[in-house]
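A short worksheet on the structure shown next.
The values are calculated or read from the model by the stated rules, or taken from the named source; none is laboratory data. In this text the structure is predicted, and so the values were computed from the model without any measurement. Every residue, glycine among them, receives a Cβ derived from its backbone with ideal geometry; neighbour counts consider all protein chains shown.
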Amino acid sequence: MWPQKGIWRAPVYIYHRTVRLRGTPHAIAMGIAAGVIVSWTPLLGLHFVSAFAIAFLFGGNFFAAALGTAFGNPLTFPFIWLSTWKIGSFLLGRSAEGRDHINLAAQVKEFHLSEIWGPLLEPMLVGAIIPGLITGGASYAATYIAVRSFQQRRQAMIAARQAELERSASVNGSHN
């Protein structure tokens, strides 16, 4: 069950892949944030499309948006779904107590949208707003700083390498 190369391999890969993307720090960070935000929604089949739409509206990178949707994964979805349902139920003033309970498993399996909208999807969509904006904002800030720092280090390294080549060319040119 335990991954052979460790549990941190995927997040480290995503980090390296993200900071090496071409684009401005804003575009890359906005793309990641868009993916993280939509990961909080219960619209599983629409995460990529929704992330691309948000990235388009706010000048984000589409590939970064796709990477950002990795925030929602089999390890995080149970937490996401439960917390968004509880937050949404609270915000909508709904309580599970005293309500007629429907068999959600059967309704979800048979996909009776009209029957699962009120008790399940509506609270999850409403409940996704606050944690989505918080984690999206945090991921934007962290990604922006990481990408800007990586790009500055890379530019400094390229400039140093270019200066070294010019010095060696001038030294070799004066000896010939």
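The set of residues in the stretch 1-22 that are small (Gly, Ala, Ser), assigned to a loop (DSSP other than H, G, I, E, B) and either buried (at least 18 other Cβ atoms within 10 Å of the Cβ) or under 17 Å from the mean Cα position of the chain (by Cα) (or both) is empty. Is it the case that the stretch 37-46 has a residue that's more than 22 Å from residue 125 (Cβ to Cβ), among the aliphatic types (A, V, I, L, M) and not in a loop (DSSP other than H, G, I, E, B)? Within the stretch 37-46, not a single residue is more than 22 Å from residue 125 (Cβ to Cβ), among the aliphatic types (A, V, I, L, M) and not in a loop (DSSP other than H, G, I, E, B).
Right, residue 66: outside any loop (DSSP other than H, G, I, E, B), farther than 26 Å from residue 122 by Cα and either among the basic types (Lys, Arg) or in contact (Cβ under 8 Å) with a residue 24 or more places away in the chain (or both) or not? Taking the combined requirement at face value, the residue does not satisfy it. Any residue at all in the stretch 91-105 that's in a helix (DSSP H, G or I), surrounded by fewer than 14 Cβ atoms within 10 Å (Cβ to Cβ), modelled with pLDDT under 90 and not polar (S, T, N, Q)? Yes; the residues of the stretch 91-105 include at least one that is in a helix (DSSP H, G or I), surrounded by fewer than 14 Cβ atoms within 10 Å (Cβ to Cβ), modelled with pLDDT under 90 and not polar (S, T, N, Q).
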